[in-house]
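The values are calculated or read from the model by the stated rules, or taken from the named source; none is laboratory data. Because the structure is a prediction, the values reported are computed rather than measured. Positions of Cβ are backbone-derived with ideal geometry, glycine not excepted, and every protein chain shown enters the neighbour counts.
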Amino acid sequence: MTEAASVRRRVARIVALALAALPCGAIAQPATTMMPGSSLGENMRLGTQIERIVSAVPGVISVSQRAGRSRLDEDVQPVNFAEFDVTLDPELRDAAGAMAQMREALSVVPGVAVNVSQFITHRMQEILSGVRAQVVVKVFGADLATLEHLQADILAAVSDIDGIVDLQAEPLLMIPGYDIRVDRAAAALYGLAPGEIVRQVGQALNGVPVSKVVEGDRSFDLVVRSDAATRANIESIVTMPLRSASRATVPVSAVASIAPTEDRYQISHEDGQRRAVVQWNTTGDLGRVMAAAQEAIAAQVALPPGYRIAFDGDWVGQQRASANLMWSGSLSILLILLLLGLAFHTPAFAALVALNVPFALLGGALMLHLGGSSLNVASTVGLIALAGVAARNGILLLSRYETLERETDLAPREIAVKGAQERLLPIMMTALTTALAVIPLLIGDPVGKEYQRAVALVLFGGMMSSLILNLLLVPPLYLAVRHRLPARAPEPSPAIAPAE
């Protein structure tokens, strides 16, 4: 992968994380997955039942179903998969509660794995991890039976953790089939290649399109295959005629043996390794749930040699994006300190301005905790923005102190009081206008504005703490620093030449 492609991939991940956290309006999208091999008709029948269940949830206006996705679609899905577009009442304040009721109501439907989220969230999760879930646990190894056993161990380990919902595993089911063993010597006598034998038997069992049926503006493949009784009876299959290159008719039993067998419905690979998946969504603090899940998996799941577990999804994406933001944020703070050192004649004053940054970050972190949120991509962006705004308040106060030292002969205590009085209004206006601007995001139901609310919590708490600590602590600290520095003489006034 080239460096440019790597950069594009990182940008796409950060954008996907941001979009995944954005509200999707009054639309919910439960997705259901039936057992592999379920027919389209059975999916539609069960979908009608699910539509009735979801429609009974208060606040739901309409429900529509899509079963499977076309092979020409960018997101191909089998016919045992269905999506339900649920339109919610725009006046509904508790959208999260409505989605929780859908999840609880659908939990009684047998044989169906349910994943309740929103459309844009599903799409962005597929970009991040390839799976529609907030948290994805991937198990890598060679033996499918061992992977299935590890899947069950992980499910048992995390099933009792509070905050985990929509817990499910990627199916590694065995499905019936036929094992065709070609007698190569006999096949050569009749001029039949092994691949040709398998192809003809497969066409007889699975069908082959021979024409199209047109009804109005719709067209359908006309498929010919053996009747159901023949396909279900192995004695009938071995007597099926095969057509050789010389137009001779040969029964299957003359060139091959067929035995019933079972094989995996699906074998997933990633980076050249076989993979099994356990996935879930979360309610509440994602970081807390992940810490509990990792601890439970480490304690209860024993990995054989050659097997490994990898976490993916929103949480891992947030960790990566947060790490990138922390590096860039640290660089921004270092640049702020460098500019402060160049701007102030006294390095100690630059250090006092820099103290506003931890003051503000302390308030932002405290408000984040009180608001029930956690450190994520959104709150990290807010902390970085807060550092610059908080430094500005310190610059306003300390630059005034320097000006008074140069232009007056006031004592340090008088300078501290006078400078604070003169800069009180500008500092308060800066802090209060920022805090008041984010109050609409803090009040009311947080559903639908989780991403913006995290930024608002950080900015509100940080500006308030910076305002209080800036006006209460910086003046005394200025006096303490000033007493340890040599006195600075006021700059002389420019001489005025006498008039001639």
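Could you say which residue among Val389, Val458 is modelled with pLDDT under 80 and under 33 Å from the mean Cα position of the chain (by Cα)?
None of the others qualify; the one that does is Val389.
Is one or more of the residues making up region 208-215 over 30 Å from Met34 (Cα atoms) and buried (at least 17 other Cβ atoms within 10 Å of the Cβ)?
no
Just checking: which of the helices (runs of 4 or more DSSP H) contained wholly in region 211-318 hold 3 or more residues that are over 43 Å from the mean Cα position of the chain (by Cα) and either under 30 Å from Leu147 (Cα atoms) or not assigned by TED's automatic domain parsing to the domain that holds Ala157 (or both)?
Helices (runs of 4 or more DSSP H) meeting the threshold: 228-232, 234-238, 252-255.
Please go through region 247-291 and give me each residue that is of a type in the set (Lys, Arg) and either surrounded by 21 or more Cβ atoms within 10 Å (Cβ to Cβ) or over 24 Å from Val135 (Cα atoms) (or both), ordered by number.
Arg247, Arg264
Residues Ile395, Ile384: which one is modelled with pLDDT under 80 and either under 26 Å from Met326 (Cα atoms) or in the same structural domain as Asp89 (by TED's automatic domain parsing) (or both)?
Ile384
Inspect all residues belonging to region 162-185 and state whether any of them is in contact (Cβ under 8 Å) with a residue 24 or more places away in the chain, assigned to a helix (DSSP H, G or I) and out of contact with any Ser or Thr (no Cβ under 6 Å at 6 or more places or on another chain).
No, the conditions are met nowhere in region 162-185.
Residue check: is Tyr190 more than 30 Å from Thr146 (Cα to Cα), in contact (Cβ under 8 Å) with a residue 40 or more places away in the chain, surrounded by 12 or more Cβ atoms within 10 Å (Cβ to Cβ) and not hydrophobic (A, V, I, L, M, F, W, C)?
yes
Restricting to strands (runs of 3 or more DSSP E) lying wholly in region 51-138: which have 2 or more residues that are under 18 Å from the mean Cα position of the chain (by Cα) and modelled with pLDDT under 85?
Of the strands (runs of 3 or more DSSP E) lying wholly inside region 51-138, those with at least 2 residues that are under 18 Å from the mean Cα position of the chain (by Cα) and modelled with pLDDT under 85 span 112-117.
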